[in-house]
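The structure appears below as structure tokens.
Quick note: the coordinates plus some simple rules give every number you see, no bench work behind them. This structure is a prediction, so every number in the text was calculated from the model and none was measured. Cβ: placed from backbone, ideal geometry, glycine included. Neighbour counts: every protein chain shown.
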Amino acid sequence: MTITFSGADYDELWQQNNPTPEITSDSDFSEIRQVVPESLGQGYIQSFQWAGIDLTVSNYRFHEDVQVFNTASYEDTYIGEIGFHLSGNRYRYRTGENFIQWGQCDELDDWVAVTYAHEPILKVDIHLAGANGFSRVITETLEDLPSEVRQCLENGNDYWLTEINTITPAMRLPLEQIFNCPFHGKTKQIYLEGKCLELIALKLEQLKDVNQKTDPSCSLKRDDIARIRHAQKILTANLDNPPSLVELARQVSLNDYKLKVGFRQVFGTTVFGYLHQHRMETARQLLNEQRLNVKEVARSVGYANQSRFAAAFRKQFGMNPKIYLQGHRSG
């Protein structure tokens, strides 16, 4: 079973469940703990805030799959975030992955955040106040970064940087120490700030290798990002008959190489990696609705061969689509 919310209804449910959340604060450090609504699952989300840094620690598990439909925002939004998913697949991030999102993001589309049932969600997110404060913290490290990455971090108002990578063993220790912080008050603030800076440094070390893994020109202009987002819309509107990479690039007035590299930077995956993930998630939602049989669902998401669809679905979700459908009908 899948529980579906609008973004506003989801937020309201959390607020109703936490009318007076646990808050600890002093002059420059605050801590807020919210408990997961009992109707959804168990666990908590804890936020720590001090000058320039907002640290969020999540430790929870849902009883059922939860999908939240978030409405598009057409206001310019500055994003400075580094996240670490120790456990659980949520939205487009998987167990064992870390990510960075940095820069000015405008004209966001409607999007769906899916959290799967019975998977423990253990994650740490570090939100930073802005490029100026961040750059002061890491000035020396910035000099060692590839010039294109440095340009993104220092001039986030004009550029956008997205990168997904693997959590390293060196990152796991400070992450576990954040979850098990033994201190209180000012000592806790100093301790957590040190761990955040350590994680930022480790992530920046990882970014030094970004040129070896993707095209060095990561500094996408807003117009490039708008064209890449348009390409994403074309893909999702044509799951049953998607255009080729060359045709897709032509439709959005980019060359195919720029589209291929830029798409990975904006969405954290390849063009057809994204297409595959969206096909699988759409197929899953269609099966949840129980209006179509497996063969019809396969055709709806672009699979003429039902066996290939079943193999792809099983690889993605660990279950044959026919068994998945039967389970929902019996449930």
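Packing order of peptides 183-190, 16-23, 267-274, highest average first: 267-274, 183-190, 16-23 (average count of other Cβ atoms within 10 Å over each peptide's residues). Convex hull volume of the C-alpha atoms in the range 222-330, normalised per residue: 96 Å³. Each residue, Gln326 and Ser25, gets one label point 7 Å from its Cα in the Cβ direction; the gap between the two is 5.5 nm. Each other residue within a Cβ distance under 10 Å of Ile100 adds +1 if Lys or Arg and -1 if Asp or Glu, for a net charge of -1.
The separation of the range 11-57 from the range 262-331, counted between C-alpha centres, amounts to 35 Å.
Available extension along the chain between Ala113 and Ala226 is 38.5 nm, counting 0.36 nm per residue and deducting the alpha carbon span. Distances between placed amide hydrogens fall under 5 Å for Glu119 paired with Phe62, all partners being 5 or more residues away or on another chain.
Estimated at 0.36 nm per residue, the fully extended path between Ser87 and Thr71 surpasses their Cα-Cα distance by 3.1 nm.
Scanning residues 5 or more positions from Glu97 or on other chains, those with amide H under 5 Å from its amide H are His85, Ile167, with H placed 1.01 Å from N in the peptide plane.
Sorting the segments 309-318, 238-247, 280-289 by their residues' average number of neighbouring beta-carbon atoms within 10 angstrom, most packed first, yields 280-289, 309-318, 238-247. Counting 0.36 nm for each residue step from Leu292 to Phe179 and taking away their Cα separation leaves a gain of 36.3 nm.
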